[in-house]
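Asks: Please see the structure below; I have some questions.
The values are calculated or read from the model by the stated rules, or taken from the named source; none is laboratory data. Predicted model only: the values in this text are computed from it and were never measured. Here the Cβ is made from the backbone with ideal geometry for all residues, glycine too, and neighbour counts use every protein chain on show. Accessible surface areas use protein heavy atoms only, side chains included; no ligands, DNA or RNA. Shrake-Rupley method; radii C 1.70, N 1.55, O 1.52, S 1.80 Å.
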Amino acid sequence: MLVGNVGEVREVIDVDIDLMAGALILDSIGNRDGVPTERFPTPPDLVKGGRGLVVIHAGGRGKVHVTVRIGPAAPALTDAERALWEETQEVAYACEDPEVFLDGSTGEVVAPFTLPEGDYRIRVFVRGRAKYFDSYTAPDEDARVHVEMHIWPAHVEVSAPS
């Protein structure tokens, strides 16, 4: 069980990831079978969740900046905070293996973390996707596509803005 005050962020992961085909994947360490095509979002959708896997079509290739915020409840966002992002989508995710990681479609385990088994909601925000959809950002350049994920248990209501 996640602990803390409602809306309090328990863990933050902040990392640059090399995206191969524009897809950012939240997967489990135990799944080395790859990602079936039907698990990818259908354009124009940004994200597709489900049992054991989340696929985000970030659009850009090469270096993408990703922030993951894990908390006991969904953070409430002001209109000003939402305006920072060009697109937002929310999906369900069933975590079946507590050892999870991010992958840029390369098969490389990036930013591994632990998430208790159970049902979650994941809200995904993206900035730079429309402008840099088919572009490549080299490792020595600043990331042009930014993705932020908020993860919380599915049974918890969204917290009120403070």
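Asks: Pull up the range 103-132, narrow it to residues that are among the β-branched types (V, I, T) and more than 18 Å from R51 (Cβ to Cβ), then point me to the one that is least open to solvent (accessible area, probe 1.4 Å).
Replies: V126
Asks: Does D97 fit the bill of being surrounded by fewer than 19 Cβ atoms within 10 Å (Cβ to Cβ) and touching a Ser or Thr at 6+ places or on another chain (Cβ under 9 Å)? Even if it seems obvious, please write down each step before you answer.
Replies: Working: surrounded by fewer than 19 Cβ atoms within 10 Å (Cβ to Cβ): yes; touching a Ser or Thr at 6+ places or on another chain (Cβ under 9 Å): yes.
When the stated conditions are applied, D97 passes them.
Asks: Just the residues that are of a type in the set (G, A, S) and outside any loop (DSSP other than H, G, I, E, B), please, taken from the range 102-145. Give the steps one after another, and end with the answer.
Replies: As a first pass, look at the range 102-145 and keep what is of a type in the set (G, A, S): 104-105, 107, 111, 118, 128, 130, 135, 138, 143.
Hits for the range 102-145 are A111, G118.
Asks: Could I ask something else about it? Here are some conditions: (1) under 16 Å from L46 (Cα atoms); (2) open to solvent by less than 60 Å² (accessible area, probe 1.4 Å). S135 meets all but one. Which one does it not meet?
Replies: Every condition holds for S135 apart from (1).
Asks: I would also like to ask the following. State whether the residues of the range 113-129 include one that is aliphatic (A, V, I, L, M) and over 15 Å from the mean Cα position of the chain (by Cα). Full working, then the answer.
Replies: Step one: list which residues in the range 113-129 are aliphatic (A, V, I, L, M), which gives 115, 122, 124, 126.
Subsequent filtering for residues that are over 15 Å from the mean Cα position of the chain (by Cα) retains none.
Scanning the range 113-129 turns up no residue that is aliphatic (A, V, I, L, M) and over 15 Å from the mean Cα position of the chain (by Cα).
Asks: Give the range 8-40 a look and list any residue that's within 12 Å of V109 (Cα to Cα), aliphatic (A, V, I, L, M) and surrounded by fewer than 18 Cβ atoms within 10 Å (Cβ to Cβ), or say none.
Replies: Scanning the range 8-40 gives a single hit, I29.
Asks: Going through the range 94-143 one residue at a time, which ones are basic (K, R) and touching a strand residue (DSSP E or B) at 6+ places or on another chain (Cβ under 7 Å)?
Replies: Quick first cut of the range 94-143, residues basic (K, R) only: 121, 123, 127, 129, 131.
Correct list: R121, R123, R127, R129.
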